[in-house]
Structure formats: C-alpha cells, structure tokens
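Report on the following structure.
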Amino acid sequence: MFARILRGEIPAEVLHEDEHCLAFLDVTPQAPTHFLVIPKREIATLSDATPQDEGLLGHLLVTAANVAKQLGVDEDGSRIVINNGAGAGQTVFHLHVHVLAGRTLAWPPG
Ligand code: AMP
C-alpha cells in the first residue's frame, strides 16, 4: 500500500520527501492535523527494525518534528504514535509514524 504511494501509483498529499522518507497527510485524519512519516525502505513493523535501522528511525522522528513545525502545529503539542503490530491497531504493514495535532489528545490513548 505505502509502497504504491512511494512509486506514485496512489496519490498522496506529500508534505516532505527526502532520500530516506516521505511524509504525507493521512487519508482518514483522526485530528485536525494528521500526517504519516514512512521510510522509503520497507520495514513491516517496528519489531522488525534492526540495529542497522537506528539512524533511519531517528530520521523519521526528526522529520516528524520538522514537518509539524513547518505546519505550525508544534507549539501546542502533538502526539507521535507508532502502532506496532495488529494487536496495537496496525493495519498497514509498512512502518509509519503518525503525527496528530490540533486538538486535545487524551491519555491513556484508546
Ligand atoms: P495504522 O492503523 O497504524 O496501520 O495506520 C494506517 C494509517 O494509514 C491509517 O491512519 C490510514 O488512514 C492511513 N492510510 C491508509 N491508506 C492511506 C492512503 N492511501 N493515503 C494516506 N493514508 C492512508
């Protein structure tokens, strides 16, 4: 699914792209601002990440923060989520970082 977005076969509202990752708006937003950051290299779940992925995972988080700044939603806070596995609600098995902002976000999450 996300591989098809990376290949340009499915349209997406792209917010940021670089050599290692792509950030785009979530098609079913759960907050006024909801975007995803995905690695270009496919890793199915966070549990599949290896020590070689440490730099890439850090890059995804820094990109998430930078895109939130670019959108002007960083000052009021944002929720960064990785659903890791079906039991945690993961439905697309290409690792992705959710960034949600623009509303009050309850804790604990549902
Ligand atoms: P998760 O449940 O953590 O696997 O999250 C998958 C996310 O991908 C959901 O929030 C979906 O709304 C989002 N999604 C699925 N297909 C697309 C798409 N074509 N473009 C943008 N977001 C998508």
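The values are calculated or read from the model by the stated rules, or taken from the named source; none is laboratory data. Model, not experiment: these values are computed from the prediction. Methodologically, a virtual Cβ is constructed for each residue, glycine included, from the backbone with ideal geometry; neighbour enumeration extends over all protein chains shown. Heads up: the accessible areas ignore ligands, DNA and RNA and are worked out on the full protein's heavy atoms, side chains in. Shrake-Rupley method; radii C 1.70, N 1.55, O 1.52, S 1.80 Å.
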Given the conditions (1) within 16 Å of the ligand (Cβ to nearest atom); (2) in contact (Cβ under 8 Å) with a residue 24 or more places away in the chain; (3) open to solvent by 50 Å² or more (accessible area, probe 1.4 Å), every one holds for A64 apart from (3)
Cβ-Cβ below 7 Å, separation at least six or inter-chain, first residue in segment 96-110 and farther than 20 Å from N66 by Cβ, second open to solvent by 60 Å² or more (accessible area, probe 1.4 Å): which pairs?
-> R103/P32
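Restricting attention to segment 67-82, and to residues there that are within 14 Å of the ligand (Cβ to nearest atom) and either closer than 20 Å to L6 by Cα or basic (K, R) (or both), which single residue is nearest to the chain's Cα centre (by Cα)?
I82
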Please state which of the following conditions I80 fails to meet, knowing it meets all the rest: (1) of a type in the set (V, I, T); (2) in a loop (DSSP other than H, G, I, E, B); (3) open to solvent by 30 Å² or more (accessible area, probe 1.4 Å).
-> (2)
Enumerate the pairs (first residue in segment 9-38 and over 19 Å from G110 (Cα atoms) and open to solvent by less than 40 Å² (accessible area, probe 1.4 Å); second residue anywhere and more than 9 Å from the ligand (Cβ to nearest atom) and of a type in the set (D, E)) with beta-carbon separation below 9 Å, excluding pairs fewer than 6 apart on the same chain, so at least 6 apart or on different chains.
-> A23/E17; F24/E17
Answer yes or no: is there a residue in segment 44-58 that is of a type in the set (S, T, Y) and touching a Cys at 6+ places or on another chain (Cβ under 8 Å).
-> no
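Listed residues A44, A31, A86; which is of a type in the set (G, A, S) and farther than 20 Å from M1 by Cβ?
On the way: A44 fails: farther than 20 Å from M1 by Cβ; A86 fails: farther than 20 Å from M1 by Cβ.
Selected residue: A31, the only one of A44, A31, A86 that is of a type in the set (G, A, S) and farther than 20 Å from M1 by Cβ.
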Considering only residues of segment 47-58 that are over 12 Å from the mean Cα position of the chain (by Cα) and either in a loop (DSSP other than H, G, I, E, B) or within 15 Å of N84 (Cβ to Cβ) (or both), which is farthest from the ligand (Cβ to nearest atom)?
-> T50
Kindly indicate whether any position in segment 89-103 is touching a strand residue (DSSP E or B) at 6+ places or on another chain (Cβ under 6 Å), open to solvent by 50 Å² or more (accessible area, probe 1.4 Å) and of a type outside the set (A, V, I, L, M).
-> yes
